[in-house]
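All remarks here apply to the structure that follows.
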Amino acid sequence: MSQPTHGAVVEPAAPGGRSTTAQADDAIAGSSRGDGVYRFLTTAAAWAIPLLLGLITLEVVLAAWPAFETFGLSFLTSSEWDEVRGVFGAAPMIYGTVVSSVLALVLATPLALGVAIFLSEFAPSWLRTPVAFLVDLLAAIPSVVYGLWGIFVLLPFLRETVMPFLAGTLGLGNTPFFSGPAYGPSMLAAAVILAIMILPYISAVSREVLMAVPRSQREAAMALGATKWEMIRDAVIPYARSGIVGGVILGLGRALGETMAVTMLIGNRHEISSSLFAPGYTLASVIANEFAEATGALHTSALMACGAVLLGVTLLVNAIARWLVWQVAREGR
Amino acid sequence: MTSSTAPTRPRRDTGVRRATALRTAGTLTRRRAVNALMQGVMYVAALLAVLPLLLIVWHLAREGASSISLDFFTRMPKPVGEVGGGMGNAIAGTLVLLGVASAIGLPIGIGAGLYLAEQRGSRLATSVRFLSDVLNGLPSIVMGIFAWQFLVRPLGHFSATAGGIALGAMMIPLVTRTTEEMIRLVPTSLREAALALGYTRWRTSLTVVLRTALPGIVTGALVAVARIAGETAPLLFTAFGNQFWSLALDQPISALPLQIFNYAISPYDEWHRLAWAGALVLIGLVLIISLIARYATRSRFGGGGD
């Protein structure tokens with residue numbers, strides 16, 4: 001830390017043969033101008049973020065406007081999607097987005113919490129870094145690679161092993177949730193890949209929050225004779241609860257907007273089906289899948305309207321999540 | 001420190017009180033068994049979480065490695081039915097897109113990070129910090145729609161610039177966040193020493209503070225680049241893809257993730273093979289950038305930054 005100080009501080013004494021007072025005068029004269037420019041530039045960069053967010057919202061709403069104007073609220077409730085007649089309703093996509101994301105949360109949350117607890121409480125120190133690194137690496141894999149792996153590895157596995165097991169061996173085939181033929185591309189497949197993708201986000205936030213729990217809290221529980229698990233359950237998790245919830249909601253935000261992997265695995269059909277084996281659609285995947293072959297301005301605008309709905313939902317979900325995490329961070333201080 | 005905060009939060013104590021109650025409830029053996037069981041469950045959870053990563057890496061290596069050769073990096077894609085061909089144009093296209101994105105994302109992100117670190121408490125700083133988090137959480141496909149409506153639609157054609165802008169917008173919150181964090185790590189005494197020696201504020205910020213924090217900021221920038229390198233959704237209707245060799249900024253441009261997507265959903269085995277190879281190259285690219293980022297951080301703590 002001390003080395004850069006050295007180099008940087010010595011430098012100004014060197015230049016020119018002019019007197020130090022003249023230099024100081026120059027510096028004072030130049031200071032207000034230079035400082036003004038510097039201040040202006042950094043402030044402008046800071047303003048760029050709110051402006052960009054505003055511009056994004058504006059442009060997306062503009063692109064979506066024709067569809068909203070034509071269909072009004074029925075865009076959200078109708079499940080008719082007919083390019084030929086020019087009627088568009090996004091209900092199946094909204095349903096698919098919510099179901100796939102919530103299901104992904106149900107699958108990922110216990111696992112992510114388990115990893116977070118493992119890393120913050122149980123893991124021996126030599127195992128902590130590599131496991132944390134590997135889990136974090138899951139977040140670095142591009143969505144399209146998940147999709148590729150999903151198509152050629154996950155789908156066959158689900159079709160040949162998991163789906164027959166759920167429907168046959170467990171006898172759930174008669175329930176509406178696991179009925180119908182198992183083709184592979186399905187709501188279930190999308191939820192499983194989403195669960196893998198959001199796991200690192202939930203576990204990273206949970207781990208951070210768990211580690212922020214004061215030591216006194218743990219020691220108090222231990223001193224009262226609690227076992228390690230009792231300490232975690234009764235002293236650590238309650239303290240970290242709202243932060244963990246924030247992490248889960250952050251994961252939800254990720255899952256809602258995830259596009260490529262879902263597009264490649266969900267089967268892309270405009271239908272609401274209770275069965276998780278049936279193909280579906282999400283707001284993001286319909287845009288990715290149909291944009292290239294969109295027929296006419298209204299079709300394109302309907303796709304953009306799906307994007308606008310998605311934008312609204314994720315803005316809301318993210319704001320809630322950030323607020324919750326901040327709340328804990330502030331309390332922990 | 002902690003003792004002073006305890007009385008203000010009575011609800012935090014309930015957990016401890018419950019633990020006391022439990023201590024008397026179960027027998028010690030049972031409680032120890034539960035403890036061991038839960039410990040086992042956490043180990044299994046960690047194993048299950050790491051498993052998909054290992055599987056993905058293994059499949060990528062098995063399916064993709066055999067197709068990687070010099071041709072893959074230099075040749076153009078071949079039409080359906082012909083064996084061979086590479087993804088030279090897609091790899092070059094991805095590099096161009098990353099360049100455009102960095103040209104937009106880095107100056108704004110670093111500038112905003114400087115502002116946030118220096119004007120820590122101001123109202124603008126607080127809201128910008130929050131909004132940059134919100135921006136970070138926006139779905140990438142929304143960035144695509146934004147760039148399409150903003151640039152592609154008015155100009156009437158897809159372009160590398162539009163794709164770069166969509167990716168650059170995604171970079172801004174990432175770079176802002178790390179820049180702020182890194183600059184906050186620079187000791188105040190350093191800034192004060194420079195100011196006391198007569199440095200103007202802007203020179204202090206740029207030549208002393210920013211310079212000290214530079215390795216960390218470089219790391220942050222590289223991590224941001226690694227994250228957007230694999231993005232596909234924002235490019236679908238901005239960069240669009242291109243079958244031919246094109247690096248022009250005002251023309252549609254090919255990109256590695258786009259090409260992987262198109263090949264993966266195609267019905268041809270030969271294209272599937274190329275998709276796996278492309279995915280392996282993409283992961284390799286992301287990994288190399290991340291490793292360089294790690295190296296940059298290490299040299300920072302290893303001393304001798306100059």
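No lab work stands behind these numbers, since they all come straight from the coordinates. It should be emphasised that the depicted structure is a prediction, and the values quoted were computed from it without experimental measurement. Cβ: placed from backbone, ideal geometry, glycine included. Neighbour counts: every protein chain shown.
Label separation (A:Arg128 vs A:Asp82): 6.3 nm, computed from points 7 Å beyond Cα along the C-beta direction. Relative to the longest principal axis of the Cα atoms of chain A, the long axis of helix A:296-332 lies at roughly 60 degrees.
The label-point distance for A:Met211 and A:Val98, in a model that sets each label 7 Å from Cα toward Cβ, rounds to 3.7 nm. Once the other residues with Cβ under 13 Å from the Cβ of B:Ala264 are scored (Lys, Arg +1; Asp, Glu -1), what is the net sum? Combined, the nearby Lys, Arg, Asp and Glu give -2. Positive contributions from Lys and Arg (+1) and negative ones from Asp and Glu (-1), summed over other residues with Cβ under 15 Å from the Cβ of A:Phe71, come out at -3. With r defined as the distance between the Cβ atoms of B:Arg273 and A:Ile320 and R0 fixed at 41 Å, what FRET efficiency is calculated, to the nearest 0.05? The calculated FRET efficiency here is 0.40. Taken as entire DSSP H runs, the helices of chain B that both span 15 Å or more between Cα atoms along their own long axis and average 0.0 or more on the Kyte-Doolittle scale are B:28-64, B:88-118, B:123-136, B:160-185, B:210-229, B:269-301. Each residue, A:Arg241 and A:Ala292, gets one label point 7 Å from its Cα in the Cβ direction; the gap between the two is 4.9 nm.
Only helices enter the 222 nm calculation for chain B: every DSSP H run of n ≥ 4 contributes -39,500 (n - 2.57), and dividing by all residues gives -23000 deg cm²/dmol, rounded to 500. Mean sequence separation of contacting Cα pairs (under 8 Å, at least six apart), scaled by the length of region A:151-283, corresponds to a relative contact order of 39 percent. Summary value for chain A: 25 percent relative contact order, contacts being C-alpha pairs under 8 angstrom separated by 6+ residues. Using only Cα atoms and rounding to the nearest 10 degrees, what angle (0 to 90) does helix A:125-138 make with the longest principal axis of chain A? So the helix axis and the longest Cα principal axis differ by about 70 degrees. Need the full-extension length gain, B:Ser246 to B:Leu185, defined as separation in residues times 0.36 nm minus the C-alpha distance. One decimal, nm. Extending this stretch completely gives an extra 17.7 nm.
Using a ≥ b ≥ c from the Cα gyration tensor of region B:14-143 (square roots of the eigenvalues), is it rounded, prolate or oblate, where a/c under 1.5 gives rounded and otherwise the larger of a/b and b/c decides, a/b for prolate? The shape class here is oblate. If R0 is taken as 35 Å, the Cβ-Cβ distance between A:Leu41 and B:Leu197 corresponds to a FRET efficiency of 0.90.
Under the definition of Cα pairs under 8 Å and six or more residues apart, what whole-number percent is the relative contact order of region B:70-301? For region B:70-301, the relative contact order is 26 percent. I'd like the FRET efficiency for A:Val153 and A:Leu73, computed as 1/(1 + (r/R0)^6) with the beta carbon distance as r and R0 of 56 Å, rounded to 0.05. Working from the Cβ atoms, E equals 0.85.
Relative to the Cα centre, the charge distribution of chain A, modelled as +1 at Lys and Arg Cβ and -1 at Asp and Glu Cβ, gives a dipole magnitude of about 840 debye.
Each residue in A:Leu166, A:Leu303, B:Leu37 was given a count of other beta-carbon atoms within 10 angstrom of its own, and listing them fewest first yields B:Leu37, A:Leu166, A:Leu303.
Projecting the Cα atoms of A:Ala67, A:Ser216, A:Ile266 onto the charge dipole of chain A (Cβ charges, centred on the Cα centre) puts A:Ser216 farthest toward the positive pole.
Taking each DSSP H run with n ≥ 4 as -39500 (n - 2.57) and averaging over every residue of chain A yields -22500 deg cm²/dmol at 222 nm.
Between 0 and 90 degrees, the angle of helix A:20-71 with respect to the longest Cα principal axis of chain A falls at about 10 degrees.
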